[in-house]
Amino acid sequence: MERKVKWRTFWLVALIGLSVMTLVPSFVARDQLPSWFSKLFNTRINYGLDLQGGLHIVYSIDLDKAVDDKASELKRDMEAQLEELGIKGRVSTPPAPVGAVSVILEDAKNVEQIKSRVARDYDEIIEMRDCAASDDAAKSVCFRVSSDYAEGIKTSALEQAIQTVRERINERGVAEPSVIAKGDQIIVELPGLDEEEIGRVKDLIERTAKLEFKIIDEAEVNGKVRNDFMKRAYGFAKTDQVALDLKIDVNIDQWTHDESGRVYVDYYLQAEDRREKLTHAEADEIGCLDVAEDRDPAGRFCNVTGRQVLLGYLEGLGARNPGLALDDDHAYGYELVKPADPKIDPYWRSYYLYRAVELSGSAVQNSYVYWNPTSNKPEVLIEFNRWGGRRFGELTGKSVGRKMAIILDDKINSAPTIQAQIAGGSSSISMGGNNPQQMQTEAQDLVNVLRTGSLPAPLRADSESKVGPLLGADAVNKAKFAFILGSLLVIIIMVVYYRKCGVISVVALALNILFMMAILATFGATLTLPGIAALVLTVGMAVDANIIIYERIREELRSGKSVKGAVDAGFGRGFAAILDGQLTTGIAGYVLYQFGSGPIRGFAVMLMIGIVCTLFSATWVTRLLFEHYVGKGRKAPTISL
């Protein structure tokens with residue numbers, strides 16, 4: 001055998017072995033494979049919703065939050081303008097109506113100047129409104145984001161949310177997800193995944209990744225009262241029967257600024273997670289899904305977080321004690337505290353924050369995971385852009401000694417004390433927990449969502465359900481039967497008509513299908529019913545290529561050429577016709593991919609993969625098999641064709 005043929009045979013065997021190993025994870029459970037094998041070959045063929053079903057989730061999005069964020073942006077702009085003009089006053093964003101901004105001035109003679117500024121700078125996006133009773137109308141300028149502009153914000157927010165959700169799912173590597181809008185809801189369908197993977201994907205989807213920095217308004221500094229609101233709430237809740245029934249505790253937080261020695265004191269409420277029975281209305285409000293088939297009219301058991309307990313209590317506090325009603329300039333924040341002592345259960349605590357967002361995720365330029373050498377735990381380091389770095393330096397410079405809340409998805413991730421001005425343009429987010437591997441995974445997931453961008457508003461799962469194959473088991477079985485029957489008929493015809501050469505075609509056809517499936521597995525692609533249709537079509541195209549070559553060989557044999565010469569001429573002169581036909585089909589597949597969607601694109605992708613594999617198997621692989629059949633040293637003057 002020629003040395004060249006030996007090397008080609010070696011590479012073919014190697015390619016077959018690699019393809020088989022690539023396909024193993026698609027047919028063998030991951031826990032049954034050696035760890036080294038799973039590291040090398042960790043992708044598999046996924047099956048679409050039409051073949052095996054999956055998870056159907058309906059999300060609602062708080063679009064009003066996107067409008068309120070615009071109001072916060074206007075608030076920061078107005079504060080900058082007041083400072084620039086040297087006008088004394090304050091700017092607030094009342095919780096109602098949505099997108100409202102109030103500018104309260106110390107001197108009424110500046111009202112007209114501010115009104116003209118507002119009309120000049122924001123005429124297209126705001127509309128004037130009546131000031132609330134709590135505002136001094138003679139000294140105030142009150143406006144809100146206009147209805148038309150708010151609708152535009154909501155439409156844009158919904159489109160951005162769909163794109164962000166799709167990117168996050170793709171970042172996780174889930175193939176062929178379905179993400180569509182229906183009214184103000186987002187419907188997500190994920191092809192069949194295991195429970196662990198579904199949990200991680202859902203967490204990635206639902207994380208708003210909305211990063212905010214706010215300053216905490218502490219109660220006392222060096223014994224002097226700065227704001228006694230939480231101190232009064234502390235005293236009220238300490239003896240309030242409602243708080244006692246909800247098992248809400250009260251506590252005091254104290255810290256010292258290292259350089260100045262100033263002592264800061266803050267008061268807070270705390271509550272632990274619990275499981276309790278709620279009415280259906282209460283359960284729906286906190287997102288506790290009703291997945292049981294038999295509904296209990298009295299309600300259902302739900303996992304209630306300490307945050308939800310504190311949120312419900314503090315929101316109703318102002319109604320029961322008007323002196324403890326939250327003003328327009330402040331908001332509550334909540335942090336999950338995990339004590340170092342394992343004997344103490346984790347709990348949620350409250351913070352009294354300034355409502356204004358001093359810095360947001362839009363100022364983040366990059367983020368990545370790094371290990372903190374001091375704590376020996378993974379953290380997420382965030383780097384600000386030029387504006388964000390300057391703003392972060394200003395914020396920390398004027399708030400030395402105070403605590404700054406780092407808020408992620410409306411939950412306080414940490415509240416470090418600002419010991420000095422930070423001008424480096426970066427900050428870090430710590431991961432909770434004691435399991436380093438789990439913390440590393442959580443940190444990487446957070447980096448992924450920060451890089452794909454934050455959701456413009458929070459998502460909440462309204463319902464979720466597992467769905468069966470969209471086509472039904474009968475249709476799926478018929479599709480499989482059609483593929484098997486079609487392949488068998490082709491094999492029988494080729495073997496009967498072309499005899500031993502037909503067997504070579506069958507071997508090349510089997511390798512063609514093997515290579516196609518290996519390519520699907522390598523890219524973690526999804527196999528759908530249109531993909532199976534393309535696979536059946538590829539079988540026909542591959543056999544057609546062999547028939548062109550065989551008929552050409554027959555013509556050469558009739559003209560008197562030797563077997564070896566006829567085979568060489570058959571492959572050489574038949575290649576042009578094969579290439580022409582495959583390219584024509586490939587162009588059609590490309591057009592389908594560019595202008596089609598969903599199942600059409602799936603068909604086109606599989607078709608183009610099939611064309612590449614067909615050209616390879618019908619020419620290179622089949623030619624190599626013929627080299628072994630009629631190669632050097634063969635004495636037989638005929639060929640079984």
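When the Kirkwood radius is taken over all Cα pairs of the range 67-142, what Stokes-Einstein diffusion coefficient follows at 10 °C and 1.306 mPa s, in µm²/s? List each step's numbers first, then the result.
Values: Rh = 12.4 Å.
This corresponds to a translational diffusion coefficient of 129 µm²/s.
With the convex hull constructed from alpha-carbon coordinates only, the range 486-615 shows a mean projected area of 8.1 nm² over all directions.
Using only helices, what value at 222 nm comes out for the chain when you add -39,500 (n - 2.57) per DSSP H run of length 4 or more and divide by the total residues, to the nearest 500 deg cm²/dmol? The partial results should precede the final answer.
Values: 18 runs with 314 residues, N = 641.
Rounded to the nearest 500, the figure is -16500 deg cm²/dmol.
Would you kindly calculate the translational diffusion coefficient of the range 500-566, applying Stokes-Einstein with the Kirkwood radius from alpha carbon pairs, for 25 °C and a viscosity of 0.890 mPa s, and quote it in µm² s⁻¹ without decimals? Display every interim value, and only then the final one.
Working: Rh = 13.9 Å.
D, rounded to a whole number, is 177 µm²/s.
Can you pick out the pairs among Lys75/Lys398; Lys75/Lys182; Lys247/Lys466 whose Cα atoms lie more than 29 Å from each other? Intermediate values should be presented prior to the final figure.
Working: Lys75/Lys398 19 Å; Lys75/Lys182 33 Å; Lys247/Lys466 37 Å.
Beyond 29 Å: Lys75/Lys182; Lys247/Lys466.
Here the alpha carbons of the range 313-385 define both size measures, Rg and Dmax, at 17.9, 49 Å. Rolling a 1.4 Å probe over the protein heavy atoms of the chain, with every protein chain left in place, gives an accessible area that is 54 percent carbon and sulfur.
Of Ser617, Ser559, Ser360, the residue with the largest accessible area leads and the full order is Ser559, Ser360, Ser617 (1.4 Å probe). The alpha-carbon of Lys4 sits under 30 angstrom from the alpha-carbons of these lysines, leaving out residues fewer than 8 places away in its chain: Lys500, Lys561, Lys564, Lys632, Lys635.
Relative contact order for the chain: what is it in percent, counting Cα pairs under 8 Å that are at least 6 residues apart? Before the final figure, lay out the partial values.
On the way: 1035 pairs, mean separation 113.4, N = 641.
Answer for the chain is 18 percent.
Taking the Cα atoms of the range 18-169, the ratio Rg/Rh between the radius of gyration and the Kirkwood radius comes to 1.35. Debye calculation, C-alpha points only, no solvent: report log10 I(q)/I(0) for the range 215-329 at q = 0.18 Å⁻¹, in the same order as the q values. Normalising to I(0) and taking log10 leaves -0.97.
Annotation for the range 38-84 versus the range 1-23: alpha-carbon center distance of 47 Å. Sorted largest first, the principal axis extents computed over the alpha-carbon atoms of the chain equal 110, 60, 55 Å.
Probing with 1.4 Å while keeping every protein chain in the model, the per residue accessible area of the chain equals 51 Å². The Cα atoms of the range 25-66 define a convex hull whose projected area, averaged across directions, is 5.7 nm². Rounded to two decimals, the Cα-based Rg/Rh of the range 343-389, with Kirkwood Rh, is 1.11.
The values are calculated or read from the model by the stated rules, or taken from the named source; none is laboratory data. This structure is a prediction, so every number in the text was calculated from the model and none was measured. For the accessible areas, the whole protein counts, side chains as well, though only heavy atoms, and no ligand, DNA or RNA atoms are used. Shrake-Rupley method; radii C 1.70, N 1.55, O 1.52, S 1.80 Å.
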